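Notes follow the structure.
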Amino acid sequence: MSVAENQATAGRGSARATAILSSIGRFLVIAITTYLGLLAVTFFIGRVIPIDPVLAVLGDRAPTAVVERTRREMGLDLPLIEQFYIYVKNALNGDFGTSVLTTNPVMTDIRRAFPATIELATLGTLIGAIIGVPLGVLAAVRRGSLIDQVARIIGLIGYSVPVFWLGLLGLVLFYAKLRWVAFPARLDVVYEYTFTPITGFYLLDAAMQGQWDVFYDAFRHIVLPASLLGYLSLAYISRMTRSFMLNELGQEYIVAARAKGLSETRIIWGHALRNAAVPMVTVIALSYANLLEGSVLTETVFSWPGIGLYITNSLQNADMNAVLGGTIAIGSVFIAINLLSDLLYRLLDPRTKAG
C-alpha cells in the first residue's frame, strides 16, 4: 500500500472517530439539558402549587415559632435560585427528602415501588409487541380487508376509551363474574409474609426460588392489568406498524423483488418488515416509556403497589417530596428510554451511519 493510500485510510479513520465523538458529545449534552429541564419543571411546580411543605409536615395547628424554625431548617427562607441549586444538588445525589406519608426517604420508597411498575409495563409491552406487530403487518398487506378493518377498530378503541373504564370493566367481567383472575393486588395475603422478593420483580423472583405456587398467584394478579396495558400498547404499535409497512410495500425494491420471482412471504417478512423494523424499535421503546409514565390510573384501579399508586396516594396526602421524587424518577426513565431508542435508531439505520 502506498503512502498516499495509508494517509487516506488514516484520514477516513480520524474522520470516523471525530464523528463518533461528536455524536456522543451531542447525546450527552441533550441528556444533561433534558434532565436539568425536568428538575427545573418539578422544582417550580413544587413552589407554585398552593401547598405549604412546612404545614404538610407539622400540621395546620403548629405554633408559629416552630413553623418558622422548620422553614429555615428546610431552606425555604433562602432565595429561589439558591433553593433550586440545593434541590438540583440533592436530586443528583438521589436525595429527594423524606416522605410525610411513609416517614421513609423518598428514594427508599421509589426503589420499593418502581420494580412493580417496571414488571407491569414490561409484560404489557411484550403483549403489545407480540400481537401488535403481526397484526399491523397483516393489516398493511391486506389493506381494505376485514383484518385491516378489525385492526383499525382495535386501534380506535384503544385510543378513545378511558383506561380506567376498561380496567373497571375488566374487573367486573374477569374477576367478579368469571373468576379467571385474582383480586386487585400484587399477591394474595397468605404469600405476603412467606415470600421474600430478591429483585422486586415477583414473577422472576418466584421462578428463581422455585416457588411456583407464588409464581402462579403473582401471574393471576398481573395478567389483567398487564393485558389492559398490553391492549393500549397493541393499539399504538399495530397502527404504526401498518403505516411503516404500507410505506415499505410501495418502495421500488419491493417491485424489483416481485419481478425477480421471490415469494410473497419472503418479500413481506424478509424484506419489507426488516426495513420497517428500524423505526419500529423507536415505536416500541416509546410505547414502553408511555406505559411506565401512564400507569397511574391502571395502578390505582388495580391497587397495584407501583410508582403510579405511590404518587397518587402521596398527592392525596399533600406529600410533595414523594410526588416530585416519583415524578423525577419516571421522567428520568422516560428520558433514558427516549435517548436509548434514538441511539438504537442511529445504530440500526445505515442511512444515519452514512451521514
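No lab work stands behind these numbers, since they all come straight from the coordinates. Just so we're clear, the structure is a prediction, and the values are computed from it rather than from any experiment. All Cβ positions, glycine included, derive from the backbone under ideal geometry; neighbour counts span all protein chains shown.
The table below lists the values:
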| item | result |
| --- | --- |
| 222 nm mean residue ellipticity, helices alone, for the chain (DSSP H n ≥ 4; -39,500 (n - 2.57); rounded to 500) | -24500 deg cm²/dmol |
| For the chain, with +1 on Lys and Arg beta carbons and -1 on Asp and Glu, the positive-most of Ile237, Asn275, Gly128 along the dipole | Asn275 |
| Viscosity 0.890 mPa s, temperature 25 °C, Stokes-Einstein D of the chain from Kirkwood C-alpha radius, µm²/s | 103 |
| Fraction of the pair-distance distribution of segment 120-226 above 18 Å, Cα-Cα pairs, percent | 61 |
| Whole-number D in µm²/s for segment 187-277 (Stokes-Einstein; Kirkwood sum over Cα pairs; 37 °C, 0.692 mPa s) | 196 |
| Relative contact order computed over segment 106-354 (Cα-Cα under 8 Å; 6+ residues apart), in percent | 31 |
| For peptides 251-261, 183-193, sequence by mean Cβ density within 10 Å, most packed first | 183-193, 251-261 |
| Relative packing of peptides 112-125, 64-77 - highest average C-beta neighbours within 10 Å first | 112-125, 64-77 |
| Gain in span if fully extended, Ala62 to Asp77, counting 0.36 nm per residue against the direct Cα distance | 3.6 nm |
| Estimated translational D of segment 252-355 in µm²/s (Stokes, Kirkwood radius over Cα pairs; 4 °C; 1.567 mPa s) | 77 |
| Cβ-placed point charges (K, R +1; D, E -1), dipole of the chain about Cα centre in debye, nearest 20 | 1260 |
| Rounded if a/c under 1.5, otherwise prolate or oblate - segment 14-92, Cα gyration tensor axes | prolate |
